[in-house]
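Asker: My questions all concern the structure below.
The values are calculated or read from the model by the stated rules, or taken from the named source; none is laboratory data. Note that the coordinates shown come from a computational prediction; the quantities given were computed from them, not determined experimentally. Cβ placement follows ideal geometry from the backbone for every residue including glycine, while neighbour counts extend to all protein chains displayed.
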Amino acid sequence: MKQVSIALLGCGQVGTGLVKLLQQQRNFIERRTGIRLRIKRILVRDSAKKRQVRISGITDNIRHILDDKDIDIAVELIGGIEPARSYILKLLQSGKHVVTANKAVLAHYGSEIQEIAQRIGREVYYESAVCAGVPVIRSIKEGLLANRISLLMGILNGTTNYILSRMSEEGISLNNGLKQAQQYGFAEPDPAIDLQGIDTAHKLNILASLSFAIKVRPQDIYTEGITGIELEDIKNANEFGYVIKLLAIAREIGRNKLELKVHPAMIPKVHPLAAVRNEFNALYLHGNAVGEMMFYGKGAGAMPTASAILSDIIELCTKSLTYSHQLSHFPNAWGHKRIISMDETVSLHYLRFPIVDKPGVIGKIATILGNHNISIYGATASLVPVKKALGNVRVLTKKAKESEIKRAISEINRLPIMRGRAVIIRIEE
Ligand SMILES: NC(=O)c1ccc[n+]([C@@H]2O[C@H](COP(=O)([O-])OP(=O)(O)OC[C@H]3O[C@@H](n4cnc5c(N)ncnc54)[C@H](OP(=O)(O)O)[C@@H]3O)[C@@H](O)[C@H]2O)c1
């Protein structure tokens, strides 16, 4: 039986899950592939720390992995940008294939890593970096290769989806939803990367690069998180037949332009993504041949993530270590599409204006919207139950350009009738 030696960089949540899964599946993998996988070295920050699994070969010196010619595949599970990026490049240069779960390093340095890997004939696999255990990368790379993908729309962050689900179903505040997510272990101790949409944008960056074979820089993606979402807006969405989700959207505009954005959006309750609740992830896409398709499953957690990592290791063993020609995880050649600015995007909008109740308030708001070519689909006013002099005007617009919405809202925010800033939530049908 062929033996393949592996090194892990990091043995935290995911690394521990991978060690456990490999122990559980070892015999099955050997029967299916004829390959025996052996974890030879594990790099950690603190080699004296007590581990949850029995492991050997622990080290805190990367040279023990770089200099070991017997190690064919290294799995980067440290996270963050540095030293993960430098280690990945050094591992490739020392002749190893790399598997990583690190969406941050791929979003920032994916094309640099790919260029170096391609130059020296090594592979970088990253199935677990998006939607963890749900095999979206392999499906786009291979299963959907014959398609022209025109739309990707995803719920790619379990923490924010869990919070929005609890707000919508239990009526709890965003902060309480976050506390629950932390108690159940979904959220990071510092959840800003989840809440501000940054984690979702990293994953969209990876998906868009692969689906459209283009280089995407983090600054190309308009990114807005969920911190501005209030219970009031969740209730209003429900009343209008929508739910609010943090969406990652990549949409082709004509043949050569692309819209890339992450923001909370109202989607109809009947949309396939509306049924994705709690910590689950989903990716909805449109391909010219397959039509609509949706992937759904657990987008985080040690074992789902380990499942995707182990599949990458096995694919590397059965393909790259055996054959010289195979389909890389990165495009062979990058194409070009102009990524349009957020100001150029066009969308339906829900607008909420917190106002002081005075005659003619709706008229004033409607006039300014009209001056900016924004047509109103429907408008209602309601009073705050206890404080009768205060209220909200809710407006649903027809399709309007983002730049016009911004200008109109900035004008309305300056009116003396406003008791707070207007809330803007885009609607995806
Ligand atoms: N957790 C998930 O559900 C999930 C899902 C998908 C993808 N991911 C990705 O998987 C990766 C790992 O996540 P995780 O949750 O397993 O992280 P984690 O629990 O924080 O583990 C990080 C590991 O890296 C080691 N490490 C940190 N800095 C190091 C350094 N400078 N040198 C050597 N070792 C270092 C740590 O060593 P010590 O143990 O000695 O501290 C620890 O073993 C990240 O890129 C994350 O985004 C995670």
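Asker: Tell me yes or no: at least one residue of the range 333-343 is assigned to a strand (DSSP E or B) and either within 27 Å of HIS271 (Cα to Cα) or free of Cβ contacts under 8 Å to residues at least 40 places away in the same chain (or both).
Answerer: yes
Asker: Report whether or not GLU429 is of a type outside the set (S, T, N, Q) and surrounded by fewer than 18 Cβ atoms within 10 Å (Cβ to Cβ). Let's see the steps before the verdict.
Answerer: Working: of a type outside the set (S, T, N, Q): yes; surrounded by fewer than 18 Cβ atoms within 10 Å (Cβ to Cβ): yes.
Against the criterion (of a type outside the set (S, T, N, Q) and surrounded by fewer than 18 Cβ atoms within 10 Å (Cβ to Cβ)), GLU429 qualifies.
Asker: Right, next: For the range 251-273, how many residues meet the condition of being of a type in the set (A, V, I, L, M, F, W, C) and under 17 Å from GLY299 (Cβ atoms)?
Answerer: 2
Asker: Moving on to the next point. Out of everything in the range 22-48 that is under 29 Å from the mean Cα position of the chain (by Cα) and closer than 20 Å to GLY79 by Cα, what residue ends up being surrounded by the fewest Cβ atoms within 10 Å (Cβ to Cβ)?
Answerer: ARG45
Asker: Count, please, the residues in the range 228-243 that happen to be buried (at least 16 other Cβ atoms within 10 Å of the Cβ) and either β-branched (Val, Ile, Thr) or under 22 Å from the mean Cα position of the chain (by Cα) (or both).
Answerer: Count: 4.
Asker: Hey, another quick one. Of the conditions (1) within 16 Å of LEU91 (Cβ to Cβ); (2) surrounded by fewer than 16 Cβ atoms within 10 Å (Cβ to Cβ), ARG51 fails just one. Which one is it?
Answerer: (1)
Asker: Can you tell me which of PHE330, PHE353 is buried (at least 19 other Cβ atoms within 10 Å of the Cβ) and assigned to a loop (DSSP other than H, G, I, E, B)?
Answerer: PHE330
Asker: If you don't mind, there's one more thing I want to ask. When you look at GLY133, is it on the phi < 0 side of the Ramachandran plot, surrounded by fewer than 24 Cβ atoms within 10 Å (Cβ to Cβ) and free of Cβ contacts under 8 Å to residues at least 24 places away in the same chain, yes or no?
Answerer: Working: on the phi < 0 side of the Ramachandran plot: yes; surrounded by fewer than 24 Cβ atoms within 10 Å (Cβ to Cβ): yes; free of Cβ contacts under 8 Å to residues at least 24 places away in the same chain: no.
Spelling it out, it is not the case that GLY133 is on the phi < 0 side of the Ramachandran plot, surrounded by fewer than 24 Cβ atoms within 10 Å (Cβ to Cβ) and free of Cβ contacts under 8 Å to residues at least 24 places away in the same chain.
Asker: If GLU170 satisfies every condition in (1) over 30 Å from ARG277 (Cα atoms); (2) surrounded by fewer than 24 Cβ atoms within 10 Å (Cβ to Cβ) but one, which is the exception?
Answerer: Answer for GLU170: the failing condition is (1).
Asker: I've got another one for you. Being basic (Lys, Arg) and in contact with a Lys or Arg (Cβ under 6 Å, 6 or more places away or on another chain) is the filter here; which residues of the range 84-127 pass it?
Answerer: Scanning the range 84-127 gives a single hit, LYS103.
Asker: Would you point out the residue of the range 244-260, among those that are crowded, with 22+ Cβ neighbours inside 10 Å and of a type in the set (Val, Ile, Thr), that is nearest to the chain's Cα centre (by Cα)?
Answerer: Going residue by residue through the range 244-260, those that are crowded, with 22+ Cβ neighbours inside 10 Å are 244-250, 260.
Those left that are additionally of a type in the set (Val, Ile, Thr): 244, 249.
Values: ILE244: 16, ILE249: 10 Å.
This residue is ILE249.
Asker: Does the range 146-161 contain any residue that is within 24 Å of the chain's Cα centre (by Cα), in a loop (DSSP other than H, G, I, E, B) and buried (at least 21 other Cβ atoms within 10 Å of the Cβ)?
Answerer: yes
Asker: Here's a follow-up. Select, from ALA308, ALA300, ALA289, the only residue that is in contact (Cβ under 8 Å) with a residue 40 or more places away in the chain, assigned to a loop (DSSP other than H, G, I, E, B) and surrounded by 19 or more Cβ atoms within 10 Å (Cβ to Cβ).
Answerer: ALA300
Asker: Among (1) of a type in the set (Val, Ile, Thr); (2) crowded, with 16+ Cβ neighbours inside 10 Å; (3) closer than 19 Å to HIS202 by Cβ, there is one condition ILE65 misses while meeting the rest; what is its number?
Answerer: Going through (1) of a type in the set (Val, Ile, Thr); (2) crowded, with 16+ Cβ neighbours inside 10 Å; (3) closer than 19 Å to HIS202 by Cβ one by one, ILE65 breaks only (3).
Asker: Which of the residues spanning the range 111-145 are within 16 Å of the ligand (Cβ to nearest atom) and not in a loop (DSSP other than H, G, I, E, B)?
Answerer: The answer is ILE113, VAL124, TYR125, GLU127, SER128, ALA129, VAL136, ILE137, ARG138.
Asker: I've got another one for you. Kindly check whether there is at least one residue in the range 173-189 that is crowded, with 16+ Cβ neighbours inside 10 Å, under 17 Å from the mean Cα position of the chain (by Cα), aromatic (Phe, Trp, Tyr) and at pLDDT below 95.
Answerer: Scanning the range 173-189 turns up at least one residue that is crowded, with 16+ Cβ neighbours inside 10 Å, under 17 Å from the mean Cα position of the chain (by Cα), aromatic (Phe, Trp, Tyr) and at pLDDT below 95.
Asker: In the range 273-282, is there at least one residue being within 16 Å of the ligand (Cβ to nearest atom), touching a residue at least 40 places away in the same chain (Cβ under 8 Å), among the acidic types (Asp, Glu) and not assigned by TED's automatic domain parsing to the domain that holds LEU164?
Answerer: No, the conditions are met nowhere in the range 273-282.
Results for (1) within 25 Å of the chain's Cα centre (by Cα); (2) outside the structural domain of GLU123 (by TED's automatic domain parsing); (3) closer than 26 Å to GLN118 by Cα, shown as yes or no for each residue.
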residue: THR16; (1), (2), (3): yes, no, no
residue: GLY57; (1), (2), (3): no, no, no
residue: ASP68; (1), (2), (3): no, no, yes
residue: ILE71; (1), (2), (3): no, no, yes
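Asker: Let me ask you something else. Would you point out which residue out of LEU247, LEU210, LEU260 is more than 16 Å from the ligand (Cβ to nearest atom), outside the structural domain of GLN114 (by TED's automatic domain parsing) and farther than 27 Å from ASN332 by Cα? Can you show your working first?
Answerer: Numbers: LEU210 fails: farther than 27 Å from ASN332 by Cα; LEU260 fails: farther than 27 Å from ASN332 by Cα.
Selected residue: LEU247, the only one of LEU247, LEU210, LEU260 that is more than 16 Å from the ligand (Cβ to nearest atom), outside the structural domain of GLN114 (by TED's automatic domain parsing) and farther than 27 Å from ASN332 by Cα.
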